[in-house]
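Peer 1: Sharing a structure with you now.
We did not get these values from a lab; they are worked out from the coordinates using the rules stated. All figures in this text were calculated on a predicted structure; none of them were measured in a lab. When we count neighbours, we look across all protein chains shown, and the Cβ atoms used for this are built from the backbone with ideal geometry, even at glycine.
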Amino acid sequence: MDRGIPSSANEEIELYMRTYYSLLRSSGEIQIKSLIETHTQMDSSLHLHARDEFPDMAAFVYCTLRLPPCIGAVRLVLLGQSDDVFDKAGFPNVMESWRAVAAAGRRRKLYFDGRETLAAFIASASDIDDLIPILTAYEIEWNKMHDLLRRAGAAERLAPFRARGTLGADERAHLARDLRIGVSDLATLENIWGEAWLTNLQAIAAKRKRFALRLLAGSLVDYRRATRHWWNNIARDAAPLLSGRPVYFVSSNTHSLANLISGYALAHEQELIHYIHDLRHEDLMREYQAIQAEEVRSSRENFLYYVLKKYCADPENVSAVGAKTRAERDVGLTHFASDRYLDVDAQIIELNQIIPERLDPRLPRDALGYLRHSRAVIFNIDYPLGLAAYQILSEVARNVDQIKGFYLLGKAATLNGRIGDVLIPNVVYDEHSQNTYLFNNVFGARAVAPYLMYGSVLDNQKAISVKGTFLQNRKFMELFYREGYTDIEMEAGPYLSALYEMSYPKRYPVNEIVRLYQTDFDIGFLHYASDTPYSKGKNLGAVHPSYFGMDPTYATALAILRRIFERERE
């Protein structure tokens, strides 16, 4: 088992991938409809009802959140790594002349020409393995709804609904029946589409979706060149902060470490509470009052960090965003936005600039004088997708003097836990390299449990790094579950391949059991469960966690910061 996956476990998945990679060799457009048969035969755990006549709303919502709002108008999707690639293919100045668009649930540089073409900048083959199943599933579900709306005659009723702007309870129930979905599913569409929900349903009713796709370049050199551009953009301004200094590499997000060290949210508590009071967020106000009265097991700090995110996203609070940035700079945090190609922001935190009094109270504030003498920095990135993790860590390792620790805070699916649990693996099977990596994870349950309010901490787990979120089915998962693998994610394996090359004078091997027990730097992996694929429909498209999703994020971020402080004290 640990030496590879039996072909019976994933032959349908392999057929699907071979099909789209063979089609992508074409220099012209390929039609997504040519992939529908192999996509449905795969029986993806994220697209359980692909073959059924009724819409699979969990899959459709999952895809919708990972595609930009303009996707309804898109016919052609172009995939490329850089300006040069698009220029040579006859699409000049994409980043300058096309409109930047974004998806709510996936970070990727996307540009829309305003008519029918979407340009997607891809960082690795993982972007292909992510985008193609998403586009295929979206087209399948769009066309199901189109057929149902036309058959029921609902298309004609949508125009007056849209003109009026509201629907009565009976009209909603009728529309839901026409679509063969629940009224709650209709409400979910309204929630994610906002005021455009009836317009979007009209667009679905008006015509069938027929995506075309074109890969402009896909060589390993192109991906590496895009990664180097990403690094050069950071290094241009970060060189004085990194030169000759030890580095703790963290792959997480851009809010957790910043909130834990800046103290901005805690210092502006009353302002944040007034904000939710004025907007009549009654559910949040009740929760805050319960926290204050110690009626619930919840974290005041996590609650304020959640409200701060909403507060700063409000266009009326632009001045607060500037003040927050200045507070972060005061404690040695410099932010580097990704301006091209890879949508991966970075932060550098100088440990000797940290102000103990501003730290989250769950961190040690006393006896931190030793940090004043530290030359080390934290290099934190907004976690990348799949194989881009290998490329980014390899690029950083080549350009800094010493990496003292590697720590990952990421999302995963769990086969034996619940959403909100924290999974701590010390074995990782990587689908890309087919290696099984064994290592000492510096984190155990005791490092996280004191800060986790709602979930459980499961250490000594076995993880599998998959090629894409859609590229698993029940047969695949059951095989791994029998072998004790319970943690499914996308970045651990690629990161471990890079860590291998930082420890040995050769490229990572293939299809081997690899022991990484003797490294001269920390290795720490922390995953929090965001999906439970054994529970049908329970993915991030079907479940919208509230601020409770901050619980595992900050529990793991606290464990990482405490570990870095301990390393510096040692």
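Peer 1: Highest mean first, what order results for 181-193, 485-497 on Cβ atoms within 10 Å? Before the final figure, lay out each step's value.
Peer 2: Working: 181-193: 15.9, 485-497: 26.2.
Final packing ranking: 485-497, 181-193.
Peer 1: Modelled label-to-label distance, ASP170 and GLU294, 7 Å Cα→beta-carbon offset: nm?
Peer 2: 5.5
Peer 1: How would you rank 17-25, 362-370, highest first, on the average number of other Cβ atoms within 10 Å across their residues? The partial results should precede the final answer.
Peer 2: Details: 17-25: 15.0, 362-370: 12.9.
Packing proxy ranking, top to bottom: 17-25, 362-370.
Peer 1: Report, in listed order, any pair from LYS109/LYS144; LYS109/LYS467; LYS309/LYS404; LYS467/LYS506 with a Cα-Cα distance greater than 22 Å.
Peer 2: Details: LYS109/LYS144 29 Å; LYS109/LYS467 20 Å; LYS309/LYS404 31 Å; LYS467/LYS506 24 Å.
Result: LYS109/LYS144; LYS309/LYS404; LYS467/LYS506 exceed 22 Å.
Peer 1: Additional query: Express as a percent, rounded to the nearest 5, the fraction of DSSP beta bridges in the chain (both residues included) that run antiparallel. Please report the intermediate quantities before stating the final value.
Peer 2: Numbers: 25 of 71 bridges.
Percentage antiparallel, nearest 5: 35.
Peer 1: Here is a follow-up. If we sort 132-144, 37-49, 231-243 on the protection proxy, mean other Cβ atoms within 10 Å, highest first, what's the order?
Peer 2: Going by the mean number of other Cβ atoms within 10 Å, highest first, we get 132-144, 37-49, 231-243.
Peer 1: Just to confirm the filter: which trypsin sites (Lys or Arg not before Pro) across the stretch 237-330 are DSSP coil and have at most 14 other Cβ within 10 angstrom of their Cβ?
Peer 2: On the way: sites: ARG280, ARG286, ARG297, ARG300, LYS309, LYS310, LYS324, ARG326, ARG329; in loops: ARG280, ARG297.
Passing both the DSSP loop test and the Cβ count: ARG280, ARG297.
Peer 1: Order by neighbour count: CYS70, CYS63, fewest other Cβ atoms within 10 Å first, most last.
Peer 2: Numbers: CYS70 15, CYS63 28.
Ascending Cβ contact count within 10 Å gives the list CYS70, CYS63.
Peer 1: When a/c reaches 1.5 or more, the comparison of a/b and b/c decides; with that in mind, is the stretch 7-215 rounded, prolate or oblate per its Cα gyration tensor? The partial results should precede the final answer.
Peer 2: Numbers: a/c = 2.22, a/b = 1.38, b/c = 1.61.
Oblate shape, in that a/c is at least 1.5 and b/c is the bigger or equal ratio.
Peer 1: Rounded to the nearest 500, what is the 222 nm mean residue ellipticity of the chain from helices alone, with -39500 (n - 2.57) per DSSP H run of 4+ residues and division by all residues? Don't jump to the answer; show the numbers that get you there.
Peer 2: Numbers: 22 runs with 253 residues, N = 570.
So the helix-based figure for the chain works out to -13500 deg cm²/dmol.
Peer 1: I need the per residue convex hull volume for the chain, using only the alpha carbons, in cubic angstrom as a whole number.
Peer 2: Values: hull volume 89.8 nm³, N = 570.
For the chain, the hull spanned by Cα atoms encloses 158 Å³ per residue.
Peer 1: Sequence gap at least 6, Cα distance under 8 Å: using those rules, report the relative contact order of the chain to the nearest whole percent.
Peer 2: Working: 1006 pairs, mean separation 106.9, N = 570.
Once normalised by length, the contact order is 19 percent.
Peer 1: Another question about this same structure. So what are the ³J(HN,Hα) numbers for the stretch 350-356, from phi and the Karplus equation (6.51, -1.76, 1.60; θ = phi - 60°), rounded to whole Hz, Gly and Pro as x?
Peer 2: Taking θ as phi minus 60°, the curve returns 7, 5, 6, 9, 5, 9, x Hz for the stretch 350-356.
Peer 1: A further question follows. Give me the distance between the Cα centres of the stretch 368-422 and the stretch 147-212, rounded to whole Å.
Peer 2: 43
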